[in-house]
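Structure record follows, encoded as structure tokens.
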């Protein structure tokens, strides 16, 4: 079960649910931005999450199982969520996720872009050390097998190829397998734990600009280091290159630029697909399959990767 948009704005309801989950009086509630769940800061001390229809509650359960195992390998903090089932009424309940707020600050894209190079160099040195710790976690110690990126995308996008979306899905799958995330020989490497979203908004610094925590482990997968250096992780191309360079210097591990380049190619392919798919949706229903079949065959004959 999920919260509706109306329920998510009912702070009396949110207060009652927060008190159920945290077992403390919820005297102050502040809604936080978030695209995958309704996030609230309670008493300036706890982060409290409630799902909406796009949230996979299974993901929260996995994070809770993983957190204690991962924390034992890190010198920095990570959120360790507590999962509870809350009762909205006699007939409706909802899964919640909550954790103690970790003190520190993050940087939005524009804030980070405004920083000078010495600051960014120090930031990427610390982030590289954190990434190296993440990559060194033995996969055998995890309580279950994490998916690969392709497993994750298959689950999200390709549950069924039947019906009206057959050709767009077939085309998207082909593009993804050939180029997305460098699939091919490099993309099949699944030997280490990858965070996949190591940007300035997911790293907490203290008042001395020392890295104290890494957030947002929602997209962890079994993969390779190149997944940490995806294009546009930072809006400035030079910032992305600086991160790659410093990671290599501090770890002695070379990041294959061909892997990163393949991701750049993938971004173009996916942009092309998205535009095509939008045009396809505008076609009269009777013309859709014919048009998409023609585009599909033409694209497949030209890809041949």
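A few points about this structure:
- Fewest-first ranking of 195, 135, 30, 52, using other Cβ atoms within 10 Å as the exposure measure: 30, 52, 135, 195
- Three-way shape call for the stretch 27-140 based on the alpha-carbon gyration tensor, with the a/c threshold at 1.5: oblate
- Three-way shape call for the stretch 43-98 based on the alpha-carbon gyration tensor, with the a/c threshold at 1.5: prolate
Bear in mind that the values in this text are calculations on the coordinates, not laboratory data. Predicted, not measured: the structure shown is a model, and the values here were computed from it. Note that we place each Cβ from the backbone using ideal geometry, even for glycine, and neighbour counts take in every protein chain shown.
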